[in-house]
1. Going by accessible area, probe 1.4 Å, with all protein chains left in place, what is the ranking of Glu257, Glu111, largest first?
2. Any chance you could look up the accessible area of Leu565 with a 1.4 Å probe, heavy atoms only, rounded to 10 Å²?
3. Compute the long axis of helix 466-482 from its Cα atoms, compare it with the longest principal axis of the Cα atoms of the chain, and write down the angle in degrees, 0 to 90, nearest 10.
4. Based on the Cβ-Cβ distance of Arg120 and Phe579, what FRET efficiency does E = 1/(1 + (r/R0)^6) give at R0 = 45 Å, to the nearest 0.05?
5. Roll a 1.4 Å probe over the protein heavy atoms and report the accessible area of Phe661 in Å², nearest 10.
6. If amide hydrogens are placed 1.01 Å from N in the peptide plane, which non-local residues have theirs closer than 5 Å to the one on Ile603?
7. Per DSSP H run of at least 4 residues, take -39500 (n - 2.57); add these up for the chain, divide by its residues and hand me the 222 nm value, nearest 500 deg cm²/dmol.
8. Using r as the Cβ-Cβ distance of Arg140 and Asp200, and R0 as 60 Å, what FRET efficiency do you calculate, to the nearest 0.05?
Amino acid sequence: MTGMKAAGSRMGAVMAAFTAVVGAGCNIEGQIEDPPRSAPGMLHQRSEINSDVAGHWYLDRGGQRLTLTIIDDHGTPTGFILPERSGATMLPLTNLSGSRSPSELTFQTMEGDGTMVWYRLQMADGITVGRFARTTSAERPDQSLFQGQLMGWRDETFSGDGVPRVFEITVPNQFQGVLRLDRPLATAASSIGQLKIYADNHGAMPSTLNEQLSEDVAVTVWDGTRLRFVRSASPYKEQFDGVVSGRLIAGTVSRPEGDASAVIPWTGERVEILSHGVDARPAAIMNDWQNRTRQRLSRLIMAGNPAPLTTSVSVLSTRAPLEQLAVPQTRDDDFARWPQNYRLDELYWRHTLPNPYGSDALVREAHGFLAVPTTEPPAHGYPVALALNGHGGSALTDFNPQNPTYWYGDGFARRGYIVVAVDISHRPLGDRQTLYDNEQTGDDPANGNGTHPAIRDAGFLSDWEEDGERAWDAMRALDYVLARPDVDPSRVTVVGLSMGGEVTDWVGALDTRVGATLAAGSPPDLAVMQLLGNHPCFNWIRGRVREYVDPADLHALVAPRTLILETGLLDNTYSGSAFPFASAKQVVRRAQPAFDALGGAMIHYMHDGGHLFRVGDAAPGFDTGNGVTAPMLTAPETDDDSSEAWESDRSTTVYSVTSLFDILPR
């Protein structure tokens, strides 16, 4: 509640500033004029809004940063927009109207060049998504003109005393990094912090990847506004002092144990606003965070996760399993002991969805395969696996016994699972805007996995992000399988490698029907990925994924269910470090508090391979496998240990002497 009191006092100051500007009759050019008091569309238009709409909203409008301030003046909303740039002028909101349920706001501003910009925002639980239209007329534009897109978040929701903070910080001519701050709720301990340096920063020059190990920092002052911490791992014991202002932070760095005159500035901005933090929280608080975060993410990436209006599923063909023609040297599931006692059905899904922009329903199509065991079902039904391919793959390659990477669909089917695999791919170029230009024909068009048109009305850009569409397709495939009478809905596993592991993270986080999430080679550190040259298909078009969430937060949403993160000691796909597995160990450490609070099993399967899917059974040419191996060191050995040695330690211990199939529901 302390944060809300502070927000209230600041709101009074903002209201006074707003009254000083608008009440004086200043127009957008700064000239004094006497506005008509009763003209239609002025600020005094009566409207009903929810109390959690009032506040400061940080908007990303196509890369332009704006601060929207909404003031609820006894039921009459007023406000202004302030562009986030030096010398910017407040832009009063006119023609403002709103509704309570759902919370929607429509308003207009006039920019410095005389352009009218109309906004339509949907606001819920501190998150807003919406559209804008540019016009030269003061008349409310037709819906078809709202082509621009934006998203944002409310400061008062995410800046309370109990909310963890994450900042992406820059020290000019030194480094860029991610600073995570938390205040443990379960103990009386002081604030804690973690710093991950991931890039060199050379002033005006572009940043270059220089990933370093994560370090714990000694936080001596942190009250939500003022910050002081010391880099204990630094030879100079650098001291950072900073002050938070809105979504930004700025301060100075000094070297108490070095050159005392070396005082330089540093700056930062909020990221990962949905973070669950880096320390354990009581179960009730963690449950609340999970429920709200799933809803927020659904609004951000999948238009609220609407249920389909209609669904039809066609069986296009039925075939025998793909023949085992070769023995891939990367396959270690002892497949020779498990015959292919299953058939393959080729499936086509056609869904219709609500259309917020017209009467005609939206259409989403998907393609995949279903492996159905030819053996008798167990007493409680077959266990279920949802298999998701990565780049260059398809639902069919998931069942290809000799595919070196995506053979896991076949592996699960041999073990008696009903396995559904749905094609995961990319949008056509026109639906990606300028996000990326490769995979122009999809990932595996020869096997049915071409491009996937975005979920959108013909006259609008999509309200969905690509990973939202991919996860929605996968969840609808799960709908289909779980409707069968011969399956056990309590034994559901989602599995994927690479991009398939990325989507597995999302499905396991958002769909609680999934009992076990098995993500192999999924992205651990999105800040590093931005500079490493990884495929950018994880990015969002309407905003920055890193501003909202980190992979560790998706993993935390899996608790108290089972989570298995599988990474290779030799996998440099997502890391330029000499210890590429360190990033994965860092993410596991950040997700662990959720499992400490809620229970469930989180297993880091760190094998001795590269960007591969492993099981731990027998590999070709070997009598036995290596088992499921887990890191021996998973965190600093003591609370006051500032050593980073645990991250670069590659020693493992055998978690299971057999295979993953002995851990997963079967």
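1. Descending order: Glu257, Glu111.
2. Answer for Leu565: close to 10 Å² accessible.
3. 50 degrees
4. That pair, Arg120 with Phe579, gives E of 0.40.
5. Accessible surface of Phe661 is approximately 10 Å².
6. Long-range HN contacts for Ile603: Leu563, Ile564, Leu565.
7. After summing the helix terms and dividing by residue count, I get -5500 deg cm²/dmol.
8. It comes to 0.75.
The values are calculated or read from the model by the stated rules, or taken from the named source; none is laboratory data. What you are looking at is a predicted structure, and each value in this text was computed from that prediction instead of being measured. We place every Cβ from the backbone using ideal geometry, glycine too, and count neighbours over all the protein chains shown. Each accessible area value is taken on the protein alone, full model and side chains, heavy atoms only, with ligands, DNA and RNA left out. Shrake-Rupley method; radii C 1.70, N 1.55, O 1.52, S 1.80 Å.
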